[in-house]
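Here's the structure, in structure tokens; my notes come after.
Here, each number is a calculation from the coordinates, and none is a lab measurement. Just so you know, these numbers come straight off a predicted model, no measurement behind them. Backbone-built Cβ (ideal geometry, glycine too); neighbour counts: all protein chains shown.
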Amino acid sequence: MSAIIKQLFETFQIVPSDLLEYPVISYFQYRNNGYLEDFLLNDSLIQEYLPFYKKNPRKIFTLKNSNDREILWKDTVKRGLFHESIGSVYTPYQPISNEVFNDSKFDPLKQIIIHKYRKKKSKPLKTAFLFIHGYAESHFIFHEQFYFRLIFNQFKSDIFALELPYHHHRVPYDSPFSGAYFINGNPIRMFEAFNQSIIEIQFLIKYLKKEYDRVILFGVSLGGHLVALSSQVLSGIDCIAALASPFLFGLASKTKIVPIANNYIQQYKEQGLSSGYKILYPTNIKSFYPFTTNENTVIIGGLYDRIVPFNRVYKLARLLDKQLYRYPGGHLTLLAWFRPLIKQINAQFNS
């Protein structure tokens, strides 16, 4: 039987990670099909955003409100290896158009939700590790048990995990799944989701630098793309972008991973509004050229990734001229190689 399976792998160029990857992609496409109730795109609304086309995105994605805001931490609970606290604070992000928050169902987006993990009976630590999750993730239970344990053991850090806009507790009440509104085909909604995420990441980095000597920013998939973009507007931090593409929406529409976005694209073309996708220009890493990445920035890519193909991750590393760490797995099997990867990365950061 093992010989037959091996022959099938060789004949159809299937690798073990595909046994997980392809079924998940099919389910993902099924969940991401359809439409969402959102504000209607029109020419006047598009014109509010087009002035940023082919302009330096750092002018858009930079935290401008310097007022200090304190995070309110809820009661700490014991969760396995860690004590976990959940904090919230009113977001410093302001959308270009008020249309983004006109509907009360989007009120949860106005609160940053951040999880803090400290090892039980741990001495005060000097390093903070800020984790940015991937698209459509809805909780940190898996991360707590695996990723965060490995991160703590390697970096000896307190760990913080940001809930991205439209995810976890920040989903609009009619969202069919966590993250549905983030990459949904409405270019204004998507642009502002990137804008809000990067502004909030900057706020949290600034907040953490008050208490910690070293801050590490780490993101996977959508989170990795946001880390790559954030590395262009932040300095003095270590950045790790895993499974990220230079232009996330371009990848999503080309590979049809998010059918809901393709449905909107077709709809806007029929209405003559296809130029609205120029709005997403600042979310393409190419638009940040010349690049000003932090010295300690690395990229991670899976050779058999079927969601963010390795050639896209390789292109991102080449654009930023940064070290690329590759592993022989797929998008959903990073954990199997995570321990040696972060060990190598931490050694590079401290060399």
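Based on DSSP, what percent of beta bridges with both residues in the range 2-349 are antiparallel, to the nearest 5? Could the numbers behind the result be given before it?
On the way: 19 of 44 bridges.
Here the antiparallel bridges make up roughly 45 percent for the range 2-349.
Tell me, what is the percent relative contact order of the chain, built from C-alpha pairs under 8 Å that lie six or more residues apart? Write down the numbers at each step before the final one.
Working: 606 pairs, mean separation 69.5, N = 351.
Relative contact order for the chain comes out at 20 percent.
Grab the DSSP H runs of the chain that are 4 residues or longer, score each as -39,500 (n - 2.57), total them, divide by all residues and round the 222 nm result to the nearest 500 deg cm²/dmol. Spell out each step's value before the answer.
Details: 11 runs with 120 residues, N = 351.
Value at 222 nm, helices only: -10500 deg cm²/dmol.
If one computes the Cα centroid of the range 290-351 and of the range 38-91, what distance in Å separates the two points?
Cα centroid of the range 290-351 versus Cα centroid of the range 38-91: 25 Å apart.
Relative contact order (percent) for the range 4-156, with alpha-carbon contacts under 8 angstrom and 6 or more residues of separation?
Details: 84 pairs, mean separation 24.8, N = 153.
Contact order relative to length: 16 percent.
Using the Cα centre of the range 2-349 as origin and beta-carbon charges of +1 (Lys, Arg) and -1 (Asp, Glu), tell me which of VAL308, LEU280, TYR207 is placed farthest towards the positive end of the dipole.
Looking along the dipole axis, the top candidate is TYR207.
So, by mean Cβ neighbours within 10 angstrom, what's the order for 153-166, 81-94 with the highest one leading? Mind dumping the intermediate values first?
Values: 153-166: 22.4, 81-94: 17.4.
Highest-to-lowest ranking by the protection proxy: 153-166, 81-94.
Given +1 on the Cβ of Lys and Arg, -1 on the Cβ of Asp and Glu, and no further charges, what dipole in debye does the chain carry about its Cα centre, rounded to the nearest 20?
Numbers: 41 positive and 28 negative charges, 251 e Å.
Dipole size: approximately 1200 debye.
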